[in-house]
Structures are given as structure tokens and as C-alpha cells.
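Just below is one structure, and these are the notes that go with it.
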Amino acid sequence: MLSVRGLSVRFLLPGGRRIAAVTDAHFDVAPGECLALIGESGCGKSVLVSALLGLLPANAQTAGSALLGDLDLLTADERTLARTVRGRRIGLVPQSPAAHLTPVRTIRSQLEETVAQLTGVRGRAALRTAAERAAERAAFPVDHLDRHPHELSGGLAQRAATALALVGGAPLLLADEPTTGLDRDLVDRTVDELRRHVDADGDRALLMITHDLAAAERVADRVAVMYAGRIVELADAEAFFGAPGPRHPYSRGLLDALPDRAFTPIPGMPPELGALPDGCAFAARCGRATDLCATLAPLTGPVACHHPIPAHDGKSPSTAAPEDIRA
Amino acid sequence: MLELRAITAGYDRRAPVVRDASLTVAPGEAVGLLGPSGCGKSTLARVAALLHRPDAGTLLLDGTPVRHWRHRAPRAQRTAFGVVFQQPRLSADPRLRLTDLIAEPLRATGRREEIPARVPELADTVGLTPDLLTRRPHEVSDGQLQRACLARALVLRPRWLICDEMTAMLDASTTAALVAVVEDYRAATGAGLLAVGHDRILLDRWCDRTVHWDTVAPAGKEGAVPATPGR
Amino acid sequence: MADTTVEKTNATGAAGAAWRGHGAARRSTHTLRLRVSAALVAVTALAVLLVPPLVQLDQQAVDLSAKLLPPGWSHPFGTDDVGRDLLLRCVYGLRVSLLVGVVAALTATVIGTAVGATAGALGGWVDRAVMRLVDTVSSVPHLLLGIFIVAMFRPGVWPVVVSVALTHWLSTARIVRAEVLSLRSRPYIDAAVSGGASRWRVAVRHLLPGVLPQAGLAAVLMIPHAMWHESALSFLGLGLPTHTASLGTLIQGARGSLLAGQWWPTLFPGLFLIIPTLAIAGLAGVWRERINPRRRSELML
């Protein structure tokens with residue numbers, strides 16, 4: 001479905017400074033699969049989403065490729081992206097639905113507009129039924145369609161935004177921090193619904209960007225961990241959250257920081273994206289760092305580390321197999 | 001002792017957000033206030049921090065009722081509270097460098113001479129490196145900014161800490177780090193804590209006692225809180 | 001997007017990677033607009049500052065033998081109905097108009113900011129009373145009010161300044177008050193209150209610096225408006241004495257000859273009014289984009 005190869009994004013700032021927001025990202029999202037991209041805020045996750053949608057600001061540069069089918073999203077021109085990709089082949093579930101929806105128009109008028117734009121349905125009655133069907137698909141109550149965004153609760157606004165993302169029948173859903181600031185119950189409901197849309201038509205895929213590990217655990221088939229612009233671990237969700245556990249020291253540290261686990265923070269802070277070290281960016285905070293860490297560890301197999309935590313210190317030794325990278 | 005008794009508060013007298021809420025925090029105690037978003041728990045936290053005048057009810061601070069809020073409250077009383085909010089971007093003045101952000105309460109209370117000692121010490125406590133201190137809010141990440149906001153809340157050595165969804169926007173590691181800073185401070189000074197949040201697991205782990213909004217404000221606002229008395 | 005240059009550089013990764021830029025075309029009109037506006041404003045400022053000390057203008061001198069000459073080599077803008085050189089009079093007129101515009105706009109902004117910030121920062125009944133006063137004043141047509149104020153004084157530059165300033169602080173007051181109200185509800189004001197800051201300190205340290213860019217923008221946008229008002233007052237014969245060159249008096253004096261087919265005495269003062277207006281508006285537009293936080297954060301990643 002989506003195949004990202006060596007995707008890098010950097011920003012040129014006034015004064016010649018360069019910020020490497022995303023460096024050399026490789027991953028695939030298969031139909032019917034949910035990949036959760038995990039990382040703390042400011043590690044480059046949202047930039048990755050913008051790059052995939054062709055929404056980078058003017059001072060950004062990209063390298064590598066991101067193939068959606070046979071179309072490279074990074075080199076496609078604005079016309080192609082606007083007419084055939086956004087909404088039609090990639091649906092975006094936004095970070096804050098309340099800000100994503102136009103405040104002065106009802107949900108119905110926004111849905112009808114999107115339906116008319118994306119599906120070519122014409123005629124008032126046809127649009128009306130199509131919009132209602134779209135709302136039902138996202139479990140948005142039809143009797144709330146005539147409300148304005150500020151009259152909706154957070155959960156309903158999220159469903160309205162999801163309904164908009166689903167209108168074009170896009171085979172790839174991009175969810176950019178869909179659960180930020182929501183209650184735990186609402187987080188669970190939101191990610192369950194996203195999962196349902198993946199499972200409903202078996203060939204839909206979901207790339208969810210989040211810093212909420214619990215939400216990722218609930219929804220994801222595979223997990224990619226991003227640190228300082230690089231993907232440092234790519235593993236099956238079950239193995240990652242379950243028995244063998246994560247193998248990169250950073251991922252392990254993140255899980256250990258959860259309040260239902262050890263609740264101990266990783267010491268220090270992530271490095272600046274503008275001044276990354278030559279070697280492993282995590283070495284300064286890593287308890288297992290050695291001299292070898294002054295050089296960069298490539299993402300070979302599931303983890304980009306010179307000294308990954310052995311896979312067999314859990315119960316089942318062979319779950320984290322290197323087949324995670326589908327080359 | 002921080003006692004909130006039958007507080008009714010809101011932004012429109014006809015439709016108060018908080019109705020008849022009562023809550024007590026003992027000195028040195030950490031109380032977690034758990035509730036769904038939009039239920040009014042942030043408003044109650046603002047009342048407790050003397051930042052929002054309630055329409056009815058009393059707030060007892062060490063046994064004496066509080067009569068004035070915001071600017072009218074005696075300075076010693078309002079600086080006894082350290083407040084941290086949910087969104088660091090909105091709770092930091094965008095024009096101040098982080099070091100000025102942290103030092104601002106010292107300047108405002110005329111204790112300028114403590115700045116050279118206190119600010120680096122606190123920056124170190126919350127894990128901010130010296131080069132970050134010279135930056136402005138838009139040049140640092142959310143997590144770094146929230147660290148600075150926590151340092152600002154601690155700079156006057158408050159006896160009470162009010163953390164309103166302090167970690168809702170942060171990743172797991174930063175959450176754990178900030179909670180550890182708060183707990184270290186409380187262990188050293190014996191300050192009380194009111195932590196507002198919607199994550200039961202976090203509040204259970206963090207606080208001595210977690211109370212649910214339904215038990216704090218049993219009357220509730222119709223519709224916002226489902227009437228489930230059997231909590 | 002795709003037509004932008006492909007640049008070869010060493011990637012931080014293993015091998016060299018081809019970096020592609022995005023959307024470079026959008027910026028060029030932006031910088032072009034900025035440069036043209038800045039150049040025009042600079043030329044205007046230089047002209048009104050340098051020309052009068054170098055070339056003296058006798059406001060009263062007439063030369064009826066050279067009256068109403070069309071534009072030519074000796075008089076690039078032609079002459080008016082009493083034979084005065086229009087180019088020189090236009091520059092002098094622009095000088096007076098700009099002086100009135102800048103001083104009046106600054107005064108109006110200071111008044112407006114003070115009133116708006118007071119109303120917004122104090123809130124409550126002060127806010128309501130002040131804003132009702134603003135509403136009352138603005139319910140009188142401001143040209144009428146301006147005429148009334150000018151009529152109380154002897155004709156001259158300063159009555160015009162006072163009149164324009166006193167009728168134009170209302171919009172600034174509204175803008176500043178709205179901005180202060182929106183800033184006042186930010187958590188960082190709560191944090192300052194909790195940190196022991198007094199009302200005065202909150203206003204001076206946190207609220208005023210936050211509204212100054214907006215107020216400054218309002219002031220810049222008001223300069224052309226004030227110039228137009230000066231011209232309008234002078235055109236009505238109420239502002240400056242008729243022999244003093246100002247853009248308004250120039251156009252007013254040329255009204256008669258326009259009907260006889262002499263277009264230049266009205267066209268050039270009109271252009272002198274319109275071109276600085278557009279240039280200042282262009283600069284203000286760039287400034288507005290700069291203080292727009294979304295754009296700034298976009299540049300910051």
C-alpha cells in the first residue's frame with residue numbers, strides 16, 4: 001500500500017541552519033494493517049505526515065521516496081496531490097478535530113461539500129443521503145448533523161472529522177495524534193473506531209502517529225518507534241508491548257516510563273534536530289552505550305542499535321524476527 | 001489544609017460549570033481529581049488556586065475563609081500556590097526567554113536578588129540545560145516548555161501545587177520526569193498537591209488518594225456527567 | 001512544486017541523497033512586493049525630507065505668463081493656473097500631508113492603545129463605560145466631527161492633526177481592547193497572577209507588549225487614512241490655508257481647470273496620494289504576515 005524508502009525531510013532556516021526533521025525513514029504499511037508511529041513530540045512525526053500529504057512549508061526539502069501504489073508522493077506535483085491523492089487515496093484524521101472543522105458551518109454542509117468534491121454525487125437529495133451515509137459510516141449520529149462544530153462534544157467532533165476523512169473511500173488513513181487531549185475512555189473509543197474502519201474493508205490501511213503508548217497498544221499491528229528523526233525500531237505490536245518487549249533501549253525506556261509499569265523517566269532530553277550527533281542520537285541517554293555508539297547503527301532487522309536488548313530475555317524468543325522489514 | 005466547600009462556579013451565573021463541589025487536601029497530601037473533559041474540574045482547580053472567584057461556597061485555607069481572588073487576594077496567599085496548566089504553549093508568555101519565564105515570579109514579588117541562585121538551581125531540577133534557558137517558547141518543544149512552566153510554579157516555594165492536566169500533552173518519559181520533580185519537591189518541602197487529570201492509571205500511581213468528579217460534585221451538570229451513583 | 005531545482009548534497013545518511021525543494025515560487029512575489037513597497041516608501045520619505053531644504057518654494061510666488069503649461073522638460077508635471085511648478089508643489093504638499101498623516105496616526109494610536117488597554121485590562125464596569133463612550137463618539141460621522149473640530153481653530157497644520165487624531169483613535173481602541181481581552185484569558189496571565197504580579201505589572205509586562213505589534217500595524221495603516229482625511233478637509237477648504245501646498249489644496253485648486261481639459265493639476269497630486277498609500281499598505285501586509293503566529297511557526301518547523 002504505502003512504501004516509504006529513505007524518506008528524509010530537512011528545513012532550511014534563515015542563517016544557514018539546517019534541521020533534519022526526518023532522516024532516512026524506511027517502512028511499509030500493508031492493506032488491512034495498522035502501523036503506529038510512536039515518538040515524543042518534536043521528534044519529526046508530524047513532519048512525516050506533512051511530507052506524505054505534500055503539505056510541507058516552503059523552506060523544507062525532501063529526499064527518498066514514498067510510494068503509494070505507483071505514485072511517489074514526494075515528487076508528485078501539487079495538482080496531482082490535490083486532485084487524486086488527498087481525500088481520495090489518503091484520508092487525514094486530524095489532531096484536533098474542533099480546529100479542523102470550519103466553525104461557522106454545520107457538519108452537514110461540510111460533509112455534503114466534501115461528498116460533492118470527492119465522489120461527484122450531484123443533486124440536493126442525492127447529496128443529502130450520501131452525507132448521511134457518510135456520517136453513519138463513522139458512527140456520527142445523523143440527528144447531530146445540523147449542529148455547528150462548537151456544539152459537539154470532543155468525541156463527536158472526532159467522529160465528524162473521521163467521517164470527512166472516510167468520504168473519498170481512501171485506502172490509506174493517516175491519523176495524526178488523533179487522541180491528544182481526550183479522556184482515556186474517549187481515546188479507547190476513537191482508536192477502536194479507527195481500527196473498525198481498517199477491519200471493515202479489508203484492504204484499508206492505517207498509519208497512526210501518536211505519543212500515546214496505550215492507544216498504540218490498543219490499535220496497532222506493528223509499531224515504529226521514532227527518535228530524533230530516525231526510526232529506531234520496527235516491531236510487531238504484540239511482541240513490542242508483550243512478552244519479549246521492545247529491543248531498542250529507547251523504546252524500552254519509553255515503556256518503562258508508563259505509570260502502570262516502572263514509571264521511571266529516561267534521563268536527559270532528546271537532542272536538538274538542528275544539532276544531531278554523528279553517531280546514535282540516543283547514546284547520551286543510554287545506559288548500555290559503548291564506544292561503538294559513536295557511529296550510526298543502521299536499521300537492520302527490527303532495531304537500529306549496536307547493542308539491542310536480546311530478544312530472548314522474555315518468554316518467547318523468536319517473535320521479533322527480521323521479517324518485519326518487507327523490502 | 002485546603003478545603004473547598006460546596007463551591008459553585010462558572011463563567012455564566014445562570015449556567016455554572018461547577019455545582020456544589022467539595023474537596024479537601026491535607027498538608028503534604030497528594031490528591032488526584034479524576035473526571036471526564038469538560039466536567040468543570042479545571043474550573044475547580046482555578047478556584048482552589050485563587051484564580052477564579054466562585055459564585056457560591058467557601059474556600060478555607062488553613063481554617064480561614066478566603067474572601068478575595070486573583071489580584072485582590074493578598075500576595076502572600078496567592079503565591080502560596082504554584083500552578084501548572086495543561087498547555088505549555090498557552091501558559092508561557094511568548095516574548096519571554098525561558099530564564100525570564102522562570103524568574104518572573106521573583107521579579108514580580110521584588111526578590112530579584114535571588115534570581116542568580118534560584119533559576120539555575122531550578123532549571124537543573126527540572127532538567128533544562130543552560131542553552132535552553134536563553135531561548136524563547138517557540139524555539140523549544142512542548143515537553144521542554146512544560147518543564148520551564150513547572151520550574152516557574154516552584155520558584156516561589158509554594159505550599160500548594162495545583163497541576164491541571166499537567167501531563168496531558170506530553171509523552172510517557174517527560175510525564176514520568178515531571179511527576180518525579182513534583183514528588184521530589186513535595187518530599188523536600190511537605191507541600192500539598194491537587195492533581196487534576198483524566199488518566200486514572202497515572203493519578204493512582206502519582207497521588208495518595210484519587211477522587212472521582214462524581215463524588216466531588218454529586219449534583220453535577222446535567223448531561224455532562226452520567227448519573228452513576230454506584231462508583 | 002516539481003519544477004523546483006534538484007540539489008545534490010551529502011545527506012546525513014549513508015549515501016548522497018537528492019534533496020528536493022518545495023514551493024519556491026510562492027515566496028518570490030512576496031519578496032517582490034516587499035521590495036517594491038519598501039523602495040516606494042523610501043523614495044517618498046527621501047523626497048519629502050531632502051527636496052524642501054534643497055529647493056526653496058515660495059508659496060506665494062505667481063508667474064501668470066507660465067500658467068497651465070502641460071508637462072514638459074522645464075516643468076515635468078506642468079504648472080497650475082497661476083504658473084507655479086506642480087512637481088515642486090506636489091512634493092511640498094506630500095510633505096505636509098505625510099507630516100499630518102504620521103503625527104495624527106501616532107497620536108491616534110497612542111490614545112487608542114491607552115484607552116483600549118485600560119478598558120480591556122480593567123474589565124467590568126470600566127470596560128463597559130469606556131466602550132459605550134467609544135460607541136457614542138463613533139456614531140457621529142467622523143468627517144463631520146473632524147470638520148467641527150477644525151472649525152474651532154484658526155486654519156493651520158495643527159488643527160488638522162488634532163482633528164484627524166481625535167476622530168481616529170476609536171478603531172485602534174477597539175482592536176487593542178479585543179486583543180487584550182483575548183490575551184487576558186490566556187493561562188500565562190493566570191500564572192503571572194499566581195506568581196504575585198500586580199495588575200500594573202501584568203498590564204505592562206504581559207498585555208501591552210502583546211498588543212504592540214497589532215497597534216503598530218494599525219498605526220501604519222492609519223497613516224494613509226489620515227493623509228486622505230487631511231486632503232478631504234483641505235479640499236473642503238477647511239484645513240490648511242489655500243496658498244499652502246498640500247495634496248488636498250492642490251486638487252481643490254485644480255478643480256476648475258479640470259473641466260477645461262487640463263488634467264495634470266489634478267492627476268499628479270492624486271497619484272502622490274495613491275502611490276504612498278499603496279506602498280504603505282504593501283509594507284503593512286508583509287508586517288501582518290510576519291506577526292501572524294502560524295506563519296512564524298511554519299518557518300520554525
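Among the residues of the range B:109-140, which ones are among the basic types (K, R) and either assigned to a loop (DSSP other than H, G, I, E, B) or open to solvent by less than 70 Å² (accessible area, probe 1.4 Å) (or both)?
B:R111, B:R118, B:R135, B:R136 - these are the residues of the range B:109-140 that are among the basic types (K, R) and either assigned to a loop (DSSP other than H, G, I, E, B) or open to solvent by less than 70 Å² (accessible area, probe 1.4 Å) (or both).
Note on the range A:31-55: residues that are more than 14 Å from chain B (Cβ to nearest Cβ), open to solvent by less than 20 Å² (accessible area, probe 1.4 Å) and closer than 16 Å to A:L92 by Cβ amount to 8.
Condition check ((1) in a helix (DSSP H, G or I); (2) open to solvent by 30 Å² or more (accessible area, probe 1.4 Å); (3) modelled with pLDDT of 85 or more; (4) more than 19 Å from B:A168 (Cα to Cα)) across all residues:
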position	(1), (2), (3), (4)
B:D184	yes, yes, yes, yes
B:A188	yes, yes, yes, yes
B:L202	yes, no, yes, no
B:R205	yes, yes, yes, no
B:T210	no, yes, yes, no
B:A219	no, yes, no, yes
B:A224	no, yes, no, yes
B:T228	no, yes, no, yes
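Against the definition (open to solvent by 50 Å² or more (accessible area, probe 1.4 Å), over 22 Å from A:S41 (Cβ atoms) and in contact (Cβ under 8 Å) with a residue 24 or more places away in the chain), how does B:T58 come out, yes or no? It would help to see each step written out before you state the result.
Details: open to solvent by 50 Å² or more (accessible area, probe 1.4 Å): yes; over 22 Å from A:S41 (Cβ atoms): yes; in contact (Cβ under 8 Å) with a residue 24 or more places away in the chain: yes.
Answer is yes for this residue.
Looking at the range A:106-126, is at least one residue among the charged types (D, E, K, R), open to solvent by less than 30 Å² (accessible area, probe 1.4 Å) and under 30 Å from A:P14 (Cβ atoms)? No - not one qualifying residue is present in the range A:106-126.
In the range A:179-188, is there at least one residue being within 14 Å of the chain's Cα centre (by Cα) and not assigned by TED's automatic domain parsing to the domain that holds A:F140? Yes, some residue in the range A:179-188 is within 14 Å of the chain's Cα centre (by Cα) and not assigned by TED's automatic domain parsing to the domain that holds A:F140. The single residue among B:A76, B:A117 that is more than 15 Å from C:I189 (Cα to Cα) and either facing chain C (nearest Cβ under 9 Å) or of a type in the set (F, W, Y) (or both) turns out to be B:A76.
Here's the yes/no breakdown for (1) open to solvent by 10 Å² or more (accessible area, probe 1.4 Å); (2) touching a strand residue (DSSP E or B) at 6+ places or on another chain (Cβ under 6 Å):
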{"residue": "A:Q158", "(1), (2)": "no, no"}
{"residue": "A:L164", "(1), (2)": "yes, no"}
{"residue": "A:L172", "(1), (2)": "no, yes"}
{"residue": "A:P178", "(1), (2)": "no, yes"}
{"residue": "A:L186", "(1), (2)": "yes, no"}
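The single condition from (1) of a type in the set (G, A, S); (2) within 14 Å of chain B (Cβ to nearest Cβ); (3) open to solvent by 10 Å² or more (accessible area, probe 1.4 Å) that A:A228 fails is (3). Among the residues of the range B:147-159, those that are open to solvent by less than 20 Å² (accessible area, probe 1.4 Å) and more than 10 Å from every other protein chain (Cβ to nearest Cβ) comprise B:A148, B:L150, B:A151, B:L154.
Taking A:V93 as the residue in question, decide whether it is in contact (Cβ under 8 Å) with a residue 40 or more places away in the chain and open to solvent by less than 60 Å² (accessible area, probe 1.4 Å). Judged against the criteria, A:V93 is a match. Exactly one residue out of B:R46, B:R19 is closer than 23 Å to A:D183 by Cβ, of a type outside the set (S, T, N, Q) and assigned to a helix (DSSP H, G or I), and it is B:R46. For the range B:83-108, which residues satisfy the criterion of being open to solvent by 50 Å² or more (accessible area, probe 1.4 Å), assigned to a helix (DSSP H, G or I) and more than 7 Å from every other protein chain (Cβ to nearest Cβ)? Correct list: B:R89, B:R107.
Does the range A:145-156 hold any residues that are away from chain B (no Cβ under 14 Å), open to solvent by 40 Å² or more (accessible area, probe 1.4 Å) and either in a helix (DSSP H, G or I) or charged (D, E, K, R) (or both), and which are they?
A:D146, A:R147
Quick check on my filter: what residues within the range A:57-83 are of a type in the set (D, E) and within 18 Å of the chain's Cα centre (by Cα)? Result: no residue meets the conditions. Pairs meeting the criteria (first residue in the range A:65-89 and within 14 Å of chain C (Cβ to nearest Cβ), second residue polar (S, T, N, Q) and part of a loop (DSSP other than H, G, I, E, B), beta carbons under 8 Å, at least 6 apart or on different chains) are A:S65/A:T75. Out of all the residues in the range B:160-169, which are open to solvent by less than 10 Å² (accessible area, probe 1.4 Å) and part of a loop (DSSP other than H, G, I, E, B)? Result: B:M166, single match. Filtering C:V202, C:V161, C:V180, C:V193 for residues that are assigned to a helix (DSSP H, G or I), touching a residue at least 60 places away in the same chain (Cβ under 8 Å) and farther than 18 Å from C:A108 by Cβ leaves a single hit, C:V202.
The values are calculated or read from the model by the stated rules, or taken from the named source; none is laboratory data. Keep in mind the model is a prediction, meaning the values are calculated, not measured. Note that we place each Cβ from the backbone using ideal geometry, even for glycine, and neighbour counts take in every protein chain shown. Each accessible area value is taken on the protein alone, full model and side chains, heavy atoms only, with ligands, DNA and RNA left out. Shrake-Rupley method; radii C 1.70, N 1.55, O 1.52, S 1.80 Å.
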